[in-house]
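Structure first, then comments.
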Amino acid sequence: MRASTLDIVRQAQEGGYAVGAFNVFDDLSLRSVVQAASAAGSPVIIQFSVRTARAMGVDLVTAMFHAAADAATVPVSLHLDHCPDVSVIEDVVRAGWSSVLFDASHLGLAEAREQTRRVVDLAHARGVEVESEIENIVGVEDGVGSDVLTHAYSESELVEIAAETGADLLAPQLGTAHGLYKGRPVLRPDRVTALRKLSDMPIVLHGGTGLTDAEFRTFIDAGVSKINVSTAIKRIYMEASAEALRTARDANRWEPLPVFDAISARVAETVTAHLEAFGSVARASGGSR
Ligand SMILES: [Zn+2]
């Protein structure tokens, strides 16, 4: 069933678990995530990058999402990941997506504050929720982002700016990075604890790929309630594709559907493992929107 990102995340906050927000890039990855969440009785957030939304077209993504979510037995919401471009946000707001991440992390504070406020106004006018990011989360993802930490603020500044702009969810820098880790990251669950003391605004953890279950648990216990997973999904999808195509070639049997089934099963396995680590299994209840 279609649901609102904020409703899903607020329920997670109350229940002491986190909701997985998985980046998908075609109908197969979308259906695999939704089916895995349905089978696990877990709420789930579907995310598209700006690049994928542009490549497929917002209308096609929206229609695919509606078909998949309406067939699901759990609450599912549709979110636009890292978007610095107001025109794309306008498109998905018009299309009725549940939420957007306005990425202002490349901007100086005054500009970030001003633009975030404007995006919140235009999104809220249509009932769309806004995740705000003004500190840059290290790593480049689908052409957005930077490998260098350039903008960082105190926890009280973050809370103050989020409250003032009217944002619904907060994505702070927590020591994680986009992509695959080269060394062990220095994680900052202490920042979540500090933010939690100042505000009950839901906190989002980016760069979920490569953390251990114990590290996820530490963040969730500190108060994170949405965890983004992108690289792990892309990687398993591509590895499973390569394997399935090798099998087809070895058998000289060129049927696409078994290949899709093999990929879907592996993506679903990865999703299920994350849902278990996040504690969201069997938490699904009624959705809205
Ligand atoms: Zn991210």
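Exactly one residue out of A240, A268 is over 19 Å from the mean Cα position of the chain (by Cα), closer than 15 Å to D26 by Cβ and surrounded by 19 or more Cβ atoms within 10 Å (Cβ to Cβ): that is A240. The combined condition, being more than 14 Å from the chain's Cα centre (by Cα), within 24 Å of S132 (Cα to Cα) and free of Cβ contacts under 8 Å to residues at least 24 places away in the same chain, is not fulfilled by G15. Counting only residues that are of a type in the set (G, A, S) and either in contact (Cβ under 8 Å) with a residue 40 or more places away in the chain or touching an Asp or Glu at 6+ places or on another chain (Cβ under 6 Å) (or both), which one in the range 202-212 is nearest to the ligand (Cβ to nearest atom)? Per the stated criteria, the residue is G207. Here is a check on your reading of the model: is A67 open to solvent by 50 Å² or more (accessible area, probe 1.4 Å) and assigned to a helix (DSSP H, G or I)? Yes: the conditions hold for A67. I8 satisfies every condition listed in (1) of a type in the set (A, V, I, L, M); (2) closer than 26 Å to Q173 by Cβ; (3) open to solvent by 50 Å² or more (accessible area, probe 1.4 Å) except (3).
Scanning the range 149-166 turns up one or more residues that are at pLDDT below 95, away from the ligand (no atom under 16 Å from the Cβ) and among the aromatic types (F, W, Y).
Residue-level check: of (1) free of Cβ contacts under 8 Å to residues at least 12 places away in the same chain; (2) closer than 18 Å to I134 by Cα, A63 misses just (2). The residues of the range 213-244 that are within 15 Å of the ligand (Cβ to nearest atom), in a helix (DSSP H, G or I) and hydroxyl-bearing (S, T, Y) amount to a single one, T231. Scan the range 209-229 for residues that are at pLDDT below 95 and open to solvent by less than 20 Å² (accessible area, probe 1.4 Å) and the total you get is 2.
Okay, residues lined up against (1) within 12 Å of the ligand (Cβ to nearest atom); (2) polar (S, T, N, Q):
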| position | (1), (2) |
| --- | --- |
| R94 | no, no |
| L101 | yes, no |
| S105 | yes, yes |
| E114 | no, no |
| D121 | no, no |
| H124 | no, no |
| V130 | no, no |
| I134 | no, no |
| G139 | yes, no |
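Taking into account only those residues within the range 167-201 that are open to solvent by 10 Å² or more (accessible area, probe 1.4 Å) and among the β-branched types (V, I, T), which is farthest from the ligand (Cβ to nearest atom)? Step by step, filter the range 167-201, then rank; the result is T193. All conditions in (1) open to solvent by 50 Å² or more (accessible area, probe 1.4 Å); (2) of a type in the set (G, A, S); (3) in contact with a Ser or Thr (Cβ under 6 Å, 6 or more places away or on another chain) hold for S87, with the sole exception of (3).
The values are calculated or read from the model by the stated rules, or taken from the named source; none is laboratory data. All figures in this text were calculated on a predicted structure; none of them were measured in a lab. So basically every Cβ, Gly included, is an ideal-geometry build from the backbone, and we count neighbours across all protein chains shown. Heads up: the accessible areas ignore ligands, DNA and RNA and are worked out on the full protein's heavy atoms, side chains in. Shrake-Rupley method; radii C 1.70, N 1.55, O 1.52, S 1.80 Å.
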